[in-house]
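Written out below as structure tokens is the structure these notes cover.
The values are calculated or read from the model by the stated rules, or taken from the named source; none is laboratory data. Model, not experiment: these values are computed from the prediction. Counting neighbours? That spans all protein chains shown, and the Cβs are built from the backbone with ideal geometry, glycine included. Accessible surface is based on the protein model in full, side chains and every heavy atom, while ligands, DNA and RNA are left aside. Shrake-Rupley method; radii C 1.70, N 1.55, O 1.52, S 1.80 Å.
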Amino acid sequence: MKKILIIFIMMLLLPVFADTMPFYTDSLPKSAIGLYQTDKNMVLRTLPEANSPLIKEYNFTYNAEDMPVNMFALLLNEKELGFLYVTDIDEEGWVEVIYDKSMGAKGWVHTTDKMQFLPWINFYNLYGRKYGLNIMKNAPKEIYTLHSQCEDNSQGISKINYAKKIKLVKVSGNWALVTVMDLDKTPKSGWLKWRNSDGTIYAFPAVK
């Protein structure tokens, strides 16, 4: 009993790492058109207007125990890097974000930098090319087939078995040209379908 109590106390003393990364296709909303990179301070409003009613104001500490739950699409506390899903944009620099994933609640944020909003293609070209891709854990089996062209009816040329790394070369529509190093250390290249036509995402940048 004493040994169990000591283990429990040690677990309580361990640091909390409440980072967030999508691993399943249903964790990424099909309505999302890209991501918004948060500042330390964020003001949410009901409409894309500076005088519209305030929903909430956030001051992010990036201390895991203080950060909101069910908010971030991607969160790395140590790097103070957080992204929210964007579902709409306004010409005046406003973006509509999902600030509660469990409820699907949305609000408008005014961007302070043009790079804060990254459409999916820009996000993949920036972070996917830097870190590579991870295939979602529940992606259909056919996604593991690399194609000769970026088309559904194109020829399958090789299969991904146990990829050590999926390097992104470029993105074309819903397809990504990749080079894969499998466990057999044989490099494979071809087109991977990273997103379905209905908005379902099958592969996500392995940001770290």
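Odds and ends about this structure:
- Amide H partners (placed H, <5 Å) of ALA203, local residues excluded: MET136
- Highest to lowest packing among 111-119, 181-189, scored as the average C-beta count within 10 Å: 111-119, 181-189
- Accessible area (Å², 1.4 Å probe, nearest 10) - ARG45: 60 Å²
- Annotation for TYR62 and GLU80: the two label points, set 7 Å from Cα along the Cα-Cβ direction, are 0.5 nm apart.
- SER172/MET115 FRET efficiency (R0 35 Å; Cβ-Cβ; nearest 0.05): 0.95
- Working note: Debye formula, equal point scatterers on the alpha-carbon atoms of the range 107-159, no solvent; log10 I(q)/I(0) at q = 0.24, 0.27 Å⁻¹ is -1.05, -1.12.
- Pairs of Cα atoms farther than 13 Å apart, the range 36-81, %: 60 percent
- As a length-normalised measure over Cα pairs under 8 Å and 6 or more apart, the relative contact order of the range 13-157 settles at 25 percent.
- Cα gyration tensor category, rounded, prolate or oblate, for the range 123-208 with a/c compared to 1.5: rounded
- Cα-based shape type of the chain, given that a ≥ b ≥ c are square roots of the gyration tensor eigenvalues and the cut on a/c is 1.5: oblate
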